[in-house]
Amino acid sequence: MSLPSGEIFVPRFRGECLLSRGTEVRDLLRLREETVLYVQPCTSERGKLMADIELRSGDTECIDSKTLCALLEIHRRRFSELKCSRNLGVAKLMWKGREISIFKNGKIKIQRALNREEIIRVANSVARLIWGAELCEVCGQPALNCASGACGKCTQEERVSIELDELPNAELLQQSQINLQRARKAAPEESERLLNMARYQALFFAIEAPRKEDAVPGLVLLAEALQSGVPPKR
Ligand SMILES: [Zn+2]
Ligand SMILES: [Zn+2]
């Protein structure tokens with residue numbers, strides 16, 4: 001992504017790429033309501049609801065565990081609890097008072113929700129949070145690899161210019177870009193701190209964006225900030 005401030009350039013993704021299709025629970029509900037959402041009373045807390053949501057039908061693995069844990073780690077400061085197992089492909093977290101479990105087969109369990117509307121809202125935020133870890137059906141890789149272009153299958157030649165003024169919460173994206181640029185010139189320790197900030201801001205932007213189309217630049221920038229890391233010591 002290049003920077004003349006005021007606009008950003010992102011690749012155009014193929015129509016079937018997960019970044020174009022999105023992972024909105026509201027869209028899924030329109031397609032197959034009864035198989036997506038099961039709501040029942042919460043066993044652990046009276047008067048509250050729990051729900052199981054399926055991002056994909058079937059029981060095949062559709063979330064990359066390593067990327068899932070990395071994404072949750074980036075957003076950790078927003079969770080009151082977080083456990084993520086790369087080996088099992090399961091994550092549990094407490095987010096805004098709701099207990100959330102995420103499984104690598106694309107099932108999400110939400111507990112202690114107040115009502116159905118809230119379940120869908122929370123599910124949408126979770127889906128955005130883990131979007132980059134979901135496997136794209138075009139290339140079979142986590143969508144973050146589509147966003148970075150690393151998969152080599154999902155981007156088209158052409159790049160799209162996006163006016164930052166037209167994006168809600170554009171400051172988050174701008175701050176992320178600035179931190180990413182500063183990180184490239186900073187000493188290693190400072191650079192890592194700036195990169196972590198850039199990653200957090202880019203992911204937060206993607207989660208908060210009202211429309212999936214607006215969220216994509218957040219994932220593109222996040223992918224760039226993840227690649228820019230200091231190589232791990234051997
Ligand atoms: Zn893709
Ligand atoms: Zn791809």
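The values are calculated or read from the model by the stated rules, or taken from the named source; none is laboratory data. Please read these numbers as outputs of a predicted model, since none were measured by experiment. Reconstructed Cβ throughout: ideal geometry from the backbone, glycine too, with neighbour counts over all protein chains shown. We work out accessible area using only protein heavy atoms, side chains counted, and drop any ligands, DNA or RNA first. Shrake-Rupley method; radii C 1.70, N 1.55, O 1.52, S 1.80 Å.
A few remarks follow.
- Placed amide H near V90: partners under 5 Å, 5+ positions off or other chain: S85
- Accessible surface ranking that places the most exposed of T35, T43 first, with a 1.4 angstrom probe: T43, T35
- L114/S85 FRET efficiency (R0 41 Å; Cβ-Cβ; nearest 0.05): 0.90
- Peptides ranked, highest mean first, by Cβ atoms within 10 Å: ranges 118-129, 75-86, 194-205: 194-205, 118-129, 75-86
- Karplus 3J(HN,Hα) series, Hz, for segment 169-175 with 6.51 cos²θ - 1.76 cosθ + 1.60 (x for Gly, Pro): 6, 4, 4, 4, 5, 5, 4
- A cysteine counts as unpartnered when no other cysteine's C-beta lies under 4.7 Å of its own; in the chain this applies to C42, C62, C136.
- Pairs of lysines in segment 1-118 whose Cα atoms sit within less than 22 Å of one another amount to 19, provided the residues are eight or more positions apart or on different chains.
- Integer Hz, Karplus 6.51/-1.76/1.60 couplings in order for segment 117-133, x for Gly and Pro: 4, 5, 4, 5, 5, 5, 4, 5, 5, 5, 4, 5, 4, 9, 3, x, 9
- Dividing the summed -39500 (n - 2.57) terms of all DSSP H runs of n ≥ 4 by the residue count of the chain sets its mean residue ellipticity at 222 nm at -13500 deg cm²/dmol.
- Rolled with a 1.4 Å probe across the full set of protein chains, the surface gives V39 an accessible area near 60 Å².
- Label sites at R159 and K92, each approximated as a point 7 angstrom past Cα along Cα to Cβ, lie 4.5 nm apart.
- For segment 102-112, the Karplus equation 6.51 cos²θ - 1.76 cosθ + 1.60, evaluated at θ = phi - 60°, returns couplings of 10, 10, 5, 8, x, 8, 10, 10, 10, 10, 6 Hz by residue, with Gly and Pro reported as x.
- Cut-off 19 Å, label 7 Å out along Cα→Cβ of D52, residues of segment 70-93 by amide N: 89-93
- Whole-percent pair-distance distribution, where bins are 5 Å wide, for the alpha carbons of segment 24-133: 2, 13, 24, 26, 20, 12, 3, 0
- Placing pseudo-labels 7 Å out from each Cα toward the beta carbon at K66 and Q181 gives an inter-label distance of 3.2 nm.
- Rolling a 1.4 Å probe over the protein heavy atoms gives segment 24-133 an accessible area of 52 Å² per residue.
- Whole-angstrom gap from segment 33-101 to segment 114-183, using each part's C-alpha centre: 19 Å
- Apolar share of the accessible surface for segment 118-168: 41 percent from carbon plus sulfur atoms, 1.4 Å probe.
- Equivalent-ellipsoid semi-axes of the chain, from the Cα gyration tensor, Å, largest first: 30, 20, 17
- Candidate lysines for bridging to K185, where Cα separation is under 21 Å - those fewer than 8 sequence places away on the same chain excluded: K233
- Rh (Kirkwood; distinct C-alpha pairs) - segment 144-234, Å: 13.6 Å
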